[in-house]
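**Student:** One structure is given below, represented as structure tokens, and several questions about it will come after.
Quick note: the coordinates plus some simple rules give every number you see, no bench work behind them. Fair warning: this is a prediction, and the values are worked out from it, not measured in the lab. For neighbour counting, all protein chains shown are included, and Cβ atoms are generated from backbone atoms with ideal geometry for every residue, glycine included.
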Amino acid sequence: MSLEKNWPIFLLVWAGVLIGFFYLVLIPGGERLERLKEEKRNMEDQVIVLERKVRNSEGLEKKLTELHVAASLLEERLPEEKEVSNLLLVIEDSALRSGVEVQSLKPQSLEVQENSDKPQSDYLEVSFESDLVSDYYGFLLFLNYLRQSPRLIQVKNFNLEEDENGNLLIAMKLSTYVFSRVETN
């Protein structure tokens, strides 16, 4: 066989090999390359979203830690029922330090706080009625000591009258809150 006579056959074979290579290797490889590029873009987008979530979660973890600290501080300021007698001592100590004379300090019954969102509340209000005798500055000092106390003590209302000696007769209602520990069914 001579090459000069069969060159069209060789040309057709080479053309067939090239066309087969093109359709069997290049086109599927190009399609696979495009799929991989698309997957890469999707992965990069997912990485960006996850990086944002990580940054947000770090901020949320910091806020959660701050909220835990704030909650523990508030729990320290809200006594349990057994600590109400200690609260009476805090009030009497504040009166002593400010020069206020406590004539009476009567704890009232525990009141469940009504909250429109929950049928039962997690805390109870403990009220105290008190009669005090003081001068104006001693009374302000007493209120300041109550404000600085480690427990949450709220002055609900007070009534000031002046006696014949120029002292203030103060009738006031104080309150604090205690955890109720009521079990919900």
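**Student:** Which of rounded, prolate or oblate describes the range 1-77 when judged by the alpha-carbon gyration tensor and an a/c cut-off of 1.5?
**Tutor:** prolate
**Student:** Using a 7 Å offset from the Cα along the Cα-to-Cβ direction at both K173 and D45, what is the distance between the two label points in nm, to one decimal?
**Tutor:** That separation, rounded to one decimal, is 6.2 nm.
**Student:** How would you rank 95-108, 148-161, 34-47, highest first, on the average number of other Cβ atoms within 10 Å across their residues?
**Tutor:** 95-108, 148-161, 34-47
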